[in-house]
1. May I ask for the distance between the Cα centers of the range 61-108 and the range 124-190, given as a whole number of Å?
2. Please report the net charge: other residues with Cβ closer than 15 Å to the Cβ of Phe82, K and R +1, D and E -1.
3. Sorted by mean Cβ packing within 10 Å, highest first, what order do the peptides 89-96, 42-49, 131-138 take?
4. Looking at the chain as a GNM with Cα springs under 10 Å, which of Glu78, Glu56, Glu141 has the largest mean-square fluctuation?
5. How big is the convex hull of the Cα atoms of the range 7-102, per residue, in Å³?
6. Taking all protein chains in place and a 1.4 Å probe, what share, in percent, of the accessible surface of the range 68-190 do carbon and sulfur account for?
7. Let me make sure I get this right: for the range 120-190, a, b and c are the square roots of the gyration tensor eigenvalues over alpha carbons, sorted descending. Under 1.5 in a/c it's rounded, otherwise prolate if a/b > b/c, else oblate. Which is it?
8. Taking a cut-off of 18 Å between Cα atoms, list the aspartates and glutamates near Lys80, but don't count ones fewer than 8 places away on the same chain.
Amino acid sequence: MLNIVLFGPPGAGKGTQSEKIIASYGLTHLSTGDLFRKHLGEGTDLGNLAKKYMDEGHLVPDEVVIQMVEHKINTTDESKGFIFDGFPRTTAQAEALDVMLGKHGMKISGMIALDVPQDILKERIKERGKTSGRADDQDEEKINTRIKVYLAETLPVAAYYEKQGKFKNINGVGKIEEIFDEISRVINSY
Ligand code: AMP
């Protein structure tokens, strides 16, 4: 079983590369951002709660995210493994994920981080904002907040996996196919 954390700042290409990984390796996609947007679209209580944070570019509280992920893991059967996209985003979430997976006799195979400089991230997010319809992709201030939150709260998650010998950094700038080839090399080494 393969359980991969795809890591990186907003705009690093996690969604794009997740789709390719899923197509090649048959993994189950678990994107917390997508799950929140689905709840938002359906107008659930969870969606309304998350909206306050998402609209400002802040993180949704850990206990809310962790509960949603646990529900998804517990209700997915017959999976070859998960690709975690946009989760974990705090060290507390990473610790909770290890516990959740442990209950199912599973563990994280590795974390793959997409490395992209800040100026390129901002350009990509603004470009995506033209078609994504995401409020958090369209406002310069919110984009800056998301990058700041990433640096302050999410970057320590990389150290968490590095300590476990599970961290691999990849250049996230270039052709989508070339980046995917690099990712595949790492996955094939698990
Ligand atoms: P994303 O699509 O991954 O960029 O996520 C969009 C927004 O959803 C983020 O800016 C957060 O407000 C929220 N979100 C997604 N995943 C998480 C997470 N793991 N922890 C906290 N908030 C999250």
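The values are calculated or read from the model by the stated rules, or taken from the named source; none is laboratory data. Since the model is a prediction, treat every value here as computed from it, not as a measurement. Here the Cβ is made from the backbone with ideal geometry for all residues, glycine too, and neighbour counts use every protein chain on show. For accessibility, only protein heavy atoms count, side chains too; no ligands or nucleic acids. Shrake-Rupley method; radii C 1.70, N 1.55, O 1.52, S 1.80 Å.
1. One Cα centre to the other: 19 Å.
2. On the way: positive: Lys14, Lys72, Lys80, Lys103, Lys107, Lys166; negative: Glu19, Asp34, Glu70, Asp77, Glu78, Asp85, Asp98.
Result for the local shell: -1.
3. Working: 89-96: 19.0, 42-49: 12.5, 131-138: 14.5.
Output ranking for 89-96, 42-49, 131-138: 89-96, 131-138, 42-49.
4. Glu78
5. Working: hull volume 10.3 nm³, N = 96.
Value for the range 7-102: 107 Å³ per residue.
6. Details: 3230 of 6700 Å².
Carbon with sulfur: 48 percent of the solvent-accessible area.
7. Details: a/c = 3.22, a/b = 1.43, b/c = 2.24.
Oblate, because a/c is 1.5 or more while a/b does not exceed b/c.
8. Glu19, Glu70, Asp98
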